[in-house]
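Notes to accompany the following structure.
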Amino acid sequence: MPLFERLEQRIVDGERNGLEEDLDAAMTEKPPLDIVNDTLLSGMKTVGELFGSGQMQLPFVLQSAEVMKAAVAHLEPHIEEQSEGRRQHKGRIVLATVKGDVHDIGKNLVDIILSNNGYEVVNLGIKQPITAILETAEEQRADAIGMSGLLVKSTVIMKENLEEMNSRGVAGRWPVLLGGAALTRGYVENDLTEVYHGDVHYARDAFEGLHLMDDVMA
Ligand code: B1M
């Protein structure tokens, strides 16, 4: 099987043996971020489709997620090497997956892209209640807050979080970036913009997150 197809299939099959060797070979042909975007994410998309249609059981999804994480971890140092970003200080963002949600692959990609492009990222991890997010944003004097969530339920939690920020009177202090597969641009830009007494933005992917941060900090 050709190299890039094999890499994609490794994500689908959750097959780790020989992963690093294939990634090293792939990096001689493409920049690491292109490998993530073109090949690995495509594998995760297939995993989502198989799981959604009942053709793949949860433990296998977890194995695929672990291979995806291992692949991103192997590529990350090479992404840094290509970038001048870490030497800049463009701003600080607190990033978290919202309460009740364990999905963190997308959030961690956002962390990598922002960190390599001049932002300091305080990554709180998964299942984070709004109180923890706000306390950290306060303590760290953050410039923005980023929330990720992949479950439909998480889109409701995000709305509740924004309402909580309103009721605490802190909405104007932090622009909020929202991302994750269950969100839509329409929901954020119409419904949530109406709810939140501050700036709230939708990011389709990690690069849109970066462009939004650049706009917010300009
Ligand atoms: Co879950 N899961 N999962 N899962 N899982 C989904 C999300 C699902 C759509 C699968 C499906 O049914 N087809 C479905 C949600 C359905 C729904 O809510 N309607 C689902 C479900 C149901 C569940 C469980 C409930 C299953 C169960 O227990 N019965 C359970 C939930 C547990 C919980 O959270 N409480 C569960 C568990 C898991 C695993 C643990 C096995 C694993 C996660 C491992 C991990 O993350 N450490 C997992 C996985 C891997 C998936 C799928 C297959 C892949 C997700 C992924 O990593 N994608 C997923 C299917 C899918 O999304 N199509 C699915 C790759 C990643 C890079 O994409 O995170 O979307 P994503 O990030 C993108 C953008 O969204 C954006 O940038 C990234 C690309 O650049 N982005 C941001 C994300 N966050 C951002 C933040 C930003 C900006 C951009 O700024 C702040």
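Computed over protein heavy atoms with a 1.4 Å probe, the accessible surface of the range 68-218 works out to 47 Å² per residue.
Both radii come from the Cα set of the chain: Rg as radius of gyration, Rh as Kirkwood radius; their ratio Rg/Rh reads 0.99.
The accessible surface of the chain, taken with every protein chain in place and a 1.4 Å probe, is 50 percent carbon and sulfur.
Would you work out if the range 99-204 is rounded, prolate or oblate? Take a ≥ b ≥ c from the square roots of the eigenvalues of the alpha-carbon gyration tensor; rounded if a/c is under 1.5, else prolate when a/b is larger than b/c, oblate otherwise. Rounded, because the longest to shortest axis ratio a/c is under 1.5. Annotated for the chain: lysine pairs at least 8 residues apart or interchain, Cα distance under 21 Å, count 17. Dividing the summed -39500 (n - 2.57) terms of all DSSP H runs of n ≥ 4 by the residue count of the chain sets its mean residue ellipticity at 222 nm at -15500 deg cm²/dmol.
The values are calculated or read from the model by the stated rules, or taken from the named source; none is laboratory data. Because the structure is predicted, anything quoted here is derived from the model rather than measured. We work out accessible area using only protein heavy atoms, side chains counted, and drop any ligands, DNA or RNA first. Shrake-Rupley method; radii C 1.70, N 1.55, O 1.52, S 1.80 Å.
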